[in-house]
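To keep things clear, I will list the structure first and then write my remarks on it.
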Amino acid sequence: MAAGYMRCHDCGKLVKADNAVQAGVRVCPRCYSPVHYRQTDSIHRTWALIISAAILFLPANLLPIMRVDFMGAADYSTIIDGIIYFFHTKEYGIGLIIFTASVLVPLFKIIGMTLILLSIHFKWKTWMRHKAAMYRFIQFVGRWSMLDIFVIAVMSALVNFGTLSSTSAAPAATYFTAVVVCSMFAAITFDPRLLWDA
């Protein structure tokens with residue numbers, strides 16, 4: 001940045017800022033996508049999305065996520081109820097996978113992005129490589145948080161026998177989806193180059 005170069009996010013070309021201006025807008029001469037030193041309002045947008053994800057995390061885990069109707073009687077279960085059920089039936093692998101994908105990963109993403117944002121705000125210059133690696137991991141692992149929603153969708157399609165037995169999503173499914181989407185968009189809107197500006 002001090003030398004006046006910008007990197008195109010689409011094609012990766014290193015562009016001199018003075019040579020990238022076309023009709024008053026900085027664009028990449030190779031692919032014509034907009035280039036900039038830093039994404040505008042990246043920190044504010046990331047904070048808004050992370051705070052939203054943190055607020056939505058509580059109802060996603062406390063409210064019932066799945067409703068099972070069996071012989072006319074409705075039974076609701078939360079994410080934790082499902083994990084406990086799998087541990088009681090000695091299905092430790094499935095319980096551990098659901099606990100990791102549904103509780104630990106979203107919580108890790110929220111805490112990780114919060115630490116990264118705080119380190120930028122307070123200009124902490126330690127553990128920079130670890131924070132960069134953590135950010136890349138948060139970006140990679142984001143898609144696996146939708147495991148619960150996928151399981152509910154599959155069960156709703158497979159376990160549907162009319163009045164005998166049926167499965168459907170409960171209110172927490174909406175909150176859980178919102179947590180995953182907010183945390184994924186937070187990782188996308190965050191500009192990791194801001195970590196190194198300090």
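The values are calculated or read from the model by the stated rules, or taken from the named source; none is laboratory data. This structure is a prediction, so every number in the text was calculated from the model and none was measured. No Cβ is skipped: glycine too gets one built from the backbone with ideal geometry, and neighbour counts run over all protein chains shown.
Miscellaneous remarks
- The single condition from (1) among the β-branched types (Val, Ile, Thr); (2) under 25 Å from HIS44 (Cβ atoms); (3) surrounded by 13 or more Cβ atoms within 10 Å (Cβ to Cβ) that VAL103 fails is (2).
- Verdict on SER145 being modelled with pLDDT under 80 and part of a helix (DSSP H, G or I): yes
- Test for THR174: is it in contact with a strand residue (DSSP E or B) (Cβ under 9 Å, 6 or more places away or on another chain), polar (S, T, N, Q) and not in a loop (DSSP other than H, G, I, E, B): no
- For region 63-100, residues that are surrounded by 14 or more Cβ atoms within 10 Å (Cβ to Cβ) and among the basic types (Lys, Arg) total 1.
- Taken together, SER77, SER102 contain a single residue that is out of contact with any helix residue (DSSP H, G or I) (no Cβ under 6 Å at 6 or more places or on another chain) and among the small types (Gly, Ala, Ser), which is SER77.
- Residue match in region 23-36 (condition: out of contact with any strand residue (DSSP E or B) (no Cβ under 9 Å at 6 or more places or on another chain), closer than 24 Å to TRP196 by Cα and either loosely packed, with under 14 Cβ neighbours inside 10 Å or of a type in the set (D, E, K, R) (or both)): no
- Scanning region 146-198 for residues that are touching an Asp or Glu at 6+ places or on another chain (Cβ under 7 Å) and over 27 Å from MET134 (Cβ atoms) yields SER165, SER166.
- Boolean, ASP10 is in a helix (DSSP H, G or I), acidic (Asp, Glu) and not assigned by TED's automatic domain parsing to the domain that holds VAL179: no
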